[in-house]
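The values are calculated or read from the model by the stated rules, or taken from the named source; none is laboratory data. If you're wondering where the values come from, they're calculated on a predicted model, not measured in any experiment. Cβ atoms come from the backbone with ideal geometry, glycine included; neighbour counts cover every protein chain shown.
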Amino acid sequence: MSLTGGLDSRMIMAWQQQPAGAMPCYTWGGTARDCQDVVIAREVARVCRQPHETITIGEEFLSRFPHYADRAVYLTDGCVDAMLARMST
């Protein structure tokens, strides 16, 4: 389960009926310190008795972000790049 500090993921976790430890949770975080998304998500997972992991977004990811954005759009849309997808919204 992708957790953030947002209300939507907190509501999903409050509703879910999984046994303790059965719903692995993760949150994207930075390298400098834990952002509020990580802090809140970690607490939500703890209260719901689910495991939580923070996935650190480091320099390698950020330096290749244009490639990853284009690849994500290509895999989900199949025919445009990130710039064309943005222009069509």
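A few comments on the model shown:
- Check on Asp37, touching a Gly at 6+ places or on another chain (Cβ under 7 Å), outside any loop (DSSP other than H, G, I, E, B) and acidic (Asp, Glu): yes
Condition check ((1) surrounded by fewer than 18 Cβ atoms within 10 Å (Cβ to Cβ); (2) in a helix (DSSP H, G or I); (3) of a type outside the set (Val, Ile, Thr); (4) touching a strand residue (DSSP E or B) at 6+ places or on another chain (Cβ under 7 Å)) across all residues:
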residue	(1), (2), (3), (4)
Gly5	yes, no, yes, no
Asp8	yes, yes, yes, no
Ile12	yes, yes, no, no
Gln18	yes, no, yes, no
Gly21	yes, no, yes, no
Tyr26	yes, no, yes, yes
Thr31	yes, no, no, yes
Val44	no, yes, no, no
Arg49	yes, no, yes, no
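- When Arg49 is tested against (1) on the phi < 0 side of the Ramachandran plot; (2) at pLDDT 90 or above, exactly one condition is not met: (1).
- Residues considered: Pro24, Pro66, Pro19. Of these, the only one that is at pLDDT 95 or above and over 15 Å from the mean Cα position of the chain (by Cα) is Pro19.
- Boolean, Glu53 is assigned to a strand (DSSP E or B), among the acidic types (Asp, Glu) and under 17 Å from the mean Cα position of the chain (by Cα): yes
- Residue list for segment 27-50, filter: among the small types (Gly, Ala, Ser) and under 15 Å from the mean Cα position of the chain (by Cα): Gly29, Gly30, Ala41, Ala45
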